[in-house]
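Student: This is the structure I want to talk about, given as structure tokens.
The values are calculated or read from the model by the stated rules, or taken from the named source; none is laboratory data. Source: prediction; values computed, not measured. When we count neighbours, we look across all protein chains shown, and the Cβ atoms used for this are built from the backbone with ideal geometry, even at glycine.
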Amino acid sequence: MPPSKGATLELAVLGLLQESPLHGYELRKRLNLLLGWTRLLSYGSLYPALKRMLRAGWITEVVATSTPVSRRARIVYQITPAGVEYFGAEITDAGPAAWEDENFNMRFAFFSRTDGAVRLRILEGRRTRLQERLDRARALSSGSDRYQTELRRHATESVEREVRWLTDLIEAERTGQDRTGVAARPRNATPPTASPTDFSTEIS
């Protein structure tokens, strides 16, 4: 069963907290940058996730001292050893759920902490998933409605762009591992204009 949106959010939070402790506002801002540009994470989604993680023992709360700018004490969240262990176990999962729109951006953002074989399997799986969409889209008739046809064309071109980007990444991973055992930087390490999570509706 694919992980829920809540589980994906929790994994993203743990990944960010491994970099540094964060208070809620900064954590939400970084999550919005990490998880995509077409949707904004609300505090109504973030704080219930933080409460679940506190109960699980993956994070702790620390009250930060007030500053001259703000006299209000702020809650800062820190990852615990149990949270580090959970993140490490989950981030190695390269199964089909990691290839999907809801998860791929988050998994890609933490590739520097992922084994090369896992990275390669996720990239290849993502490319296969998108190629399946393209094959289905190309098998459809164009139809008579020019706006629907134009929308399908735009969606198809976005997916084709991502497939090319993934192919470059896969080649770089293979080349880097063959030479040094460390993944090389791809020719184009910047994601395509349409981010994976931007295109969440399958072409149909």
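Student: Can you work out which of the residues in region 77-91 that are among the small types (Gly, Ala, Ser) and either under 14 Å from the mean Cα position of the chain (by Cα) or closer than 12 Å to residue 60 by Cβ (or both) is surrounded by the fewest Cβ atoms within 10 Å (Cβ to Cβ)? Break it down stepwise before answering.
Tutor: Pass one, region 77-91, residues among the small types (Gly, Ala, Ser): 82-83, 88-89.
Filter again for either under 14 Å from the mean Cα position of the chain (by Cα) or closer than 12 Å to residue 60 by Cβ (or both), leaving 82-83.
Numbers: 82: 13, 83: 22.
Across region 77-91, the extreme among qualifying residues is 82.
Student: Given the criteria touching a Phe, Trp or Tyr at 6+ places or on another chain (Cβ under 6 Å) and over 30 Å from residue 84 (Cα atoms), does residue 158 qualify?
Tutor: Values: touching a Phe, Trp or Tyr at 6+ places or on another chain (Cβ under 6 Å): yes; over 30 Å from residue 84 (Cα atoms): yes.
The answer is yes for residue 158.
Student: Still on this structure: Could you please tell me which pairs satisfy a Cβ distance under 9 Å, a separation of 6+ or placement on different chains, a first residue in region 20-38 that is within 21 Å of residue 72 (Cα to Cα), and a second residue that is at pLDDT below 90 and buried (at least 18 other Cβ atoms within 10 Å of the Cβ)?
Tutor: Pairs that qualify, where the first residue is within 21 Å of residue 72 (Cα to Cα) and the partner is at pLDDT below 90 and buried (at least 18 other Cβ atoms within 10 Å of the Cβ), are 28/41.
Student: To continue, here is another question. If you take the residues of region 133-152 that are part of a helix (DSSP H, G or I) and in contact with a helix residue (DSSP H, G or I) (Cβ under 9 Å, 6 or more places away or on another chain), which of them is surrounded by the fewest Cβ atoms within 10 Å (Cβ to Cβ)? Talk me through it step by step, then tell me what you get.
Tutor: Kept after step one, since they are part of a helix (DSSP H, G or I), are these residues of region 133-152: 133-139, 146-152.
Now restrict to residues that are in contact with a helix residue (DSSP H, G or I) (Cβ under 9 Å, 6 or more places away or on another chain): 133-134, 137-138, 152.
Numbers: 133: 17, 134: 15, 137: 17, 138: 10, 152: 18.
Residue satisfying both the conditions and the ranking: 138.
Student: Restricting attention to region 92-117, which residues are under 11 Å from the mean Cα position of the chain (by Cα) and either assigned to a loop (DSSP other than H, G, I, E, B) or of a type outside the set (Gly, Ala, Ser) (or both)? Steps first, answer last, please.
Tutor: Kept after step one, since they are under 11 Å from the mean Cα position of the chain (by Cα), are these residues of region 92-117: 98-111.
Listed by number, the residues that qualify are 99, 100, 101, 102, 103, 104, 105, 106, 107, 108, 110, 111.
Student: Considering only region 74-92, how many residues are touching a Gly at 6+ places or on another chain (Cβ under 9 Å), β-branched (Val, Ile, Thr) and either more than 21 Å from residue 28 (Cβ to Cβ) or not assigned by TED's automatic domain parsing to the domain that holds residue 59 (or both)?
Tutor: So the answer is 1.
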